[in-house]
1. How long are the semi-axes of the equivalent ellipsoid of the range B:112-204, defined as square roots of 5 times the Cα gyration tensor eigenvalues? Whole Å, largest first.
2. Could you pull out the chymotrypsin sites (Phe, Trp or Tyr not before Pro) across the range A:80-176 that fall in loop regions by DSSP (anything but H, G, I, E, B) with no more than 12 other Cβ atoms inside 10 Å?
3. Mind listing the Cα extents of the range A:392-485 along all three principal axes, in Å, largest one first?
4. Net charge around B:SER74, counting only other residues with Cβ within less than 13 Å of its Cβ (Lys, Arg = +1; Asp, Glu = -1)?
5. From the P(r) of chain B, can you give the percent of Cα pairs sitting at distances over 36 Å?
6. On each of the three principal axes of the Cα atoms of the range A:436-519, give max minus min coordinate, whole Å, ordered largest first.
7. Using the charge dipole of the range A:491-639 (Lys, Arg: +1 at Cβ; Asp, Glu: -1 at Cβ; taken about the Cα centre), state which of A:VAL608, A:GLY517, A:ILE547 has its Cα farthest towards the positive end.
8. Summing Lys, Arg as +1 and Asp, Glu as -1, what charge do residues with Cβ under 12 Å from the Cβ of A:HIS447 carry, A:HIS447 excluded?
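Here, each number is a calculation from the coordinates, and none is a lab measurement. Bear in mind the structure is a predicted one, so any value in this text is a computation, not a measurement. Counting neighbours? That spans all protein chains shown, and the Cβs are built from the backbone with ideal geometry, glycine included.
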Amino acid sequence: MRPRGGLALRLTLLVFVCGGLAVGAVVAYNDFITRRLVVREIEDSARNLAQSAANHVEAVLRSTEKVPGFISDLLEEGVYRESELWTLLLTEVEQNPEIYGATIAFEPYAFDDSRRYFAPYFYRRGAGEIEFTLMGSDAYRYFNRDWYQIPKELGHAVWSEPYYDEGGGNTLMATYSVPFYRTVAGERRFTGVVTADVSLNWLQAYLSAIRISQTGYAFLISKNGRVVTHPRSDLVMNETIFSLAEAQDDPGLREIGRDMIRGQLGLAHTRSLLNNQESWLVYAPVPSTGWSLGAVFPREELLGGVIDLARTQLLLAALGGLAFLGVIIAVARSITRPLTALARASEEVARGNLEGALPVVRSRDEVGQLAAAFGRMQHDLKQYLAEHDQLLSIRHELDVARRIQQSILPRTFPPFPDRHDFEIFADMIPAQELGGDFYDLFLIDTHHLGVAIGDVSGKGVPAALFMAVTRTLLRSTAMQGLTLSECLGRVNALLCRDNTMEMFVTLFYGILDTRSGTLEYGNGGHVHPFILRKATGVQELEGTGGIALGALDSARYEVRSTTLQAGDGIFLYTDGVTEAMDAEGQLFSDQRLRACLGQINGAGPEAVVRHVVEEVQRHTFQTAQNDDITAMALRYARP
Amino acid sequence: MSRCLAAVIIAILAGAATAAQNEPSLAPATFLPQWTPQAQFAGFYIAFEKGLYRQQGIDLTILTGGPDRSASQSLQDAQADFVTLWLSTAIQMRARGVPVVNVAQLVQRSALMLVAKKSSGIRTPADLAGKKVAVWDGDFRLQPEAFFKKFGVKVQTVPLGPSINLFLRDGVVAATAMWYNEYYTLLSSGLNADEITTFFFDAYDLNFPEDGIYCLQETRSKRPQLVEGFVRATWDGWAYAFAHPDEAIDITMRYMAAAHVPANRVHQRWMLARMRDLMMRKEGEAAPTATLARGDYERVALQLQESGWIDRIPMFTSFYQPPPGT
């Protein structure tokens with residue numbers, strides 16, 4: 001069973017979310033930067049476009065200013081005849097195709113005392129035809145017309161607001177008027193104006209030719225904010241930018257308009273009047289006329305590339321994200337599938353099933369290592385358990401062996417209940433490990449008691465077996481009526497034969513003649529027993545100089561004898577007694593044993609053995625016993 | 001087949017002709033507003049379009065006014081049965097012996113005003129002293145001149161033409177303007193209201209009511225029903241126009257287009273709203289009034305006499321003859 005919110009899910013989510021955020025951030029940042037760059041580019045080029053278009057318009061208008069200016073200079077310089085004026089004007093109109101009409105309009109009676117109105121006017125009608133009229137009448141008092149009055153009152157040349165030509169139909173015009181003066185009686189007096197009516201058709205054509213993206217456009221407003229050219233012809237001359245602002249309830253547009261007619265160069269955000277799209281509006285002044293040229297740059301169209309790019313990037317990111325997600329899921333699964341399988345396998349192991357199949361992981365990564373380690377662990381565990389079982393059985397066998405070993409030692413005391421001529425007691429406290437100590441006591445015949453104590457070199461089963469073999473050999477050899485020396489020699493020889501383990505055993509063997517109290521003994525390398533004399537105390541039994549049995553097949557064993565008086569005894573022991581160590585590593589020692597025996601001298605064998613064992617155990621209090629402790633005591637009582 | 005079709009067409013045409021002949025009770029009449037079509041005359045156009053004149057038994061023809069067609073002359077020459085005129089114009093005509101009669105006074109308050117740019121430092125009438133002020137000619141001069149006299153300021157007047165550009169270009173510091181026209185032109189030329197100093201003449205005890213409906217005494221006497229019907233229908237037209245400004249402006253714009261007059265919807269909206277203001281005797285009144293107040297009449301007449309434009313003041317009762325029931 002897979003746990004809820006498992007590793008795969010978390011890993012997938014984490015990686016996907018982080019990856020998504022990273023990709024999203026990159027796309028957003030890219031879009032932001034691109035947009036900023038593009039916007040800056042667009043704004044720069046928009047400004048350039050508006051400025052250069054305005055400059056172009058300005059240049060054309062300036063060029064048309066020259067002729068009226070020239071004529072006004074002539075008029076101020078000197079006297080002139082009517083016909084000369086007409087020629088001047090006619091030439092002006094003829095030679096300047098953009099000049100639609102021209103006049104020199106005089107103040108009342110300024111040209112001629114008899115004429116209140118004098119304004120010869122040449123103008124184009126149709127294709128190339130130039131007509132002439134004298135303007136001014138009581139019905140058309142030109143003195144209060146803008147083209148006449150404004151330059152007069154301001155005292156300098158001006159461009160009029162654009163207007164539709166009253167006679168010529170739909171020709172959009174603007175008039176450039178230059179005032180001229182004459183000095184009369186020392187006074188510079190306003191005398192009239194020279195005008196040029198300039199058709200603005202070229203302006204409309206020029207501006208409508210400016211194409212910005214698909215729906216962007218250029219337009220022109222007059223000094224009054226009146227729309228002079230615009231792709232929406234219904235606005236032209238009918239609306240001002242301010243009336244549009246009012247109609248659209250857009251105070252921002254009004255502010256833009258005010259900025260424009262103040263002759264500012266600027267950039268504003270507004271909406272296209274064609275399709276209401278959000279747009280940039282850049283504007284630049286046409287200084288001679290006070291007009292302002294605006295260019296509308298539809299935002300979305302111009303940023304279309306950027307928006308498309310962002311859209312494509314988002315799409316790619318989304319597709320990439322999906323692919324990424326798939327890969328993450330696959331990777332996460334490939335990681336967690338073996339992990340899940342391992343988890344399942346370890347549950348099996350915990351349940352004790354070591355045979356469960358392990359997932360196959362071919363990768364060499366951490367998961368692979370884990371799986372391999374797990375495999376090794378399973379294998380080792382299996383082996384360990386097998387060994388553990390084996391050990392258990394060995395221990396069991398050792399226990400059995402120990403019990404057998406123990407059982408082969410005489411354990412029943414007194415061993416010969418009907419004999420009162422001697423008392424004997426022995427005990428062996430085995431160490432944890434199977435040891436090699438043994439003792440034995442047996443009646444060789446009615447009057448001879450054999451006692452033996454030995455210590456096999458080494459520990460464990462081989463020692464135990466060697467001990468058993470030694471004891472058996474000794475017993476059987478002892479019964480064959482050989483001398484003690486021969487007996488030990490025979491046992492030694494037998495032990496040496498086939499002693500592939502190169503083990504040996506220290507052995508003390510004594511035969512007590514129960515009638516005389518004579519103790520004949522031989523010692524093959526064993527610690528010297530103590531003789532406990534009732535009269536004289538504890539003495540070490542004299543050694544015989546023999547070496548341990550099983551070491552050298554030619555070894556010979558000397559025999560000695562001593563005589564026990566009634567009440568005398570001997571104490572046999574193994575080095576487990578004297579070499580027992582306390583927690584500080586202090587040995588129990590020969591001295592202490594001798595002292596111990598001294599204290600208990602005279603007591604029965606059982607009491608002696610128990611006392612010594614107790615003392616040793618007190619010495620080794622709470623310290624692990626690392627060798628068998630074996631002790632045997634004999635007290636002779638004359639028959 | 002084609003013969004059948006022709007027969008059907010003839011029948012339809014005959015039917016139409018018969019129907020036209022079947023309205024014998026409609027009295028033909030002509031009306032000439034004193035200027036080109038604009039919302040200043042919206043009530044008349046609406047009344048016409050809504051058939052209100054027909055309902056009053058009038059088969060009205062609205063003539064197109066403008067600078068080329070003087071309303072006062074047309075009335076005098078009986079080329080129009082009804083015209084709108086300024087009160088001052090009509091009093092002068094009456095004083096000259098032209099038998100014009102006021103049958104309804106529409107505009108109760110002067111729309112004529114003086115405007116100045118605050119930037120030129122003009123705040124009070126006294127600030128105008130010695131300055132160039134552009135003033136329209138004719139009847140438009142009456143109030144400004146009285147105004148300057150009243151405040152004892154000597155100004156340098158400049159004749160103002162049909163456009164206000166002279167003022168916009170700072171050729172003069174002040175100019176006459178109509179509240180519903182030139183003042184709006186200033187706004188729509190980028191000047192803000194708070195940048196303009198205004199002198200409304202009615203605020204200086206120089207309120208001269210303007211547009212009224214006039215006819216000749218003869219019409220008033222001989223065709224009283226026509227006069228009453230015309231005034232009633234016109235009044236209802238104005239009421240409808242104020243109640244339905246968008247529709248009124250649509251209709252007005254159509255008339256403007258037909259007369260080839262530049263049309264600007266927001267301007268016309270402004271003008272219609274100002275007409276409503278001006279047709280109230282006082283600001284904030286509930287409803288417009290169609291009567292000519294004797295006090296207003298006398299103020300204008302006295303000023304005309306004082307300015308030497310008329311010799312004698314015509315009798316109010318013979319000048320103002322509203323049809324009964326209006």
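1. Semi-axes from the Cα gyration tensor: 18, 14, 13 Å.
2. For chymotrypsin sites (Phe, Trp or Tyr not before Pro) across the range A:80-176 that sit outside H, G, I, E and B with at most 12 neighbouring Cβ atoms in 10 Å, the list reads A:TYR109, A:TYR140.
3. Extents along the principal axes, in whole Å: 46, 28, 17.
4. -2
5. 23 percent
6. Extents along the principal axes, in whole Å: 41, 20, 15.
7. Checked the options; the winner is A:GLY517.
8. Its environment carries a net charge of -1.
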